[in-house]
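Asker: One structure coming up, written as structure tokens, with questions to follow.
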Amino acid sequence: MFREFFRSMKSPEERMAWLIALAADALQIAVIPLFVEGALSPVDAVLDLGVGIVLVRLLGWHWAFVPTLLVEALPGADLFPTWTAAVYFVTRQLHSDGEPIILPPEAPAARRRS
């Protein structure tokens, strides 16, 4: 199922954004003792800032990244995969099925044939 979801993404930028978000959240959850408040807390802040910058470069600016960065700054909020949730929100909006597809206008010769 995950493999099909990963294949449904059309651009390599989207795939890379997913990998970065998953890796950052997994690192923050699995290696939580390194990111607790204290002497090593700046490492967590630098990681979040770096992930935010990379995701904006890959996917473009989106408002979903602002609350994600703010939540990541809260102590203990790293236990929820916020970067993954933000990337899910942004990439699913890029492929909304409800949006009409705008096609280029037909050439005049093509109109006469039909």
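Asker: Estimate the FRET efficiency between Arg57 and Ala26 by the formula 1/(1 + (r/R0)^6), using the beta-carbon distance for r and 22 Å for R0, to the nearest 0.05. Don't skip to the answer; put the middle values down first.
Answerer: On the way: r = 21 Å, r/R0 = 0.95.
Here the calculated transfer efficiency is 0.60.
Asker: For a paramagnetic label modelled at 7 Å from the Cα of Arg15 toward its Cβ, which residues of the range 67-96 fall within the zone defined by backbone nitrogen distances under 19 Å?
Answerer: 87-88, 91-92, 94-95
Asker: Calculate, in whole percent, how much of the Cα-Cα pair population of the range 9-94 lies beyond 20 Å. Please report the intermediate quantities before stating the final value.
Answerer: Details: 982 of 3655 pairs.
Result: 27 percent of Cα pairs exceed 20 Å.
Asker: Let me ask another. Got a sec? How would Val90, Val51, Val66 order by Cβ neighbour count within 10 Å, fewest to most? The partial results should precede the final answer.
Answerer: Details: Val90 23, Val51 26, Val66 12.
Lowest to highest Cβ neighbour count: Val66, Val90, Val51.
Asker: Want the number for Glu106 to Arg7: 0.36 nm per residue separation, take away the alpha-carbon distance, what's left? Could the numbers behind the result be given before it?
Answerer: Details: separation 99, 0.36 × 99 = 35.64 nm, distance 3.18 nm.
Here the segment from Glu106 to Arg7 would lengthen by 32.5 nm.
Only the coordinates and a few stated rules stand behind these numbers; no lab work does. Owing to the predicted nature of the structure, the values given are computational and were not obtained by experimental measurement. Note that we place each Cβ from the backbone using ideal geometry, even for glycine, and neighbour counts take in every protein chain shown.
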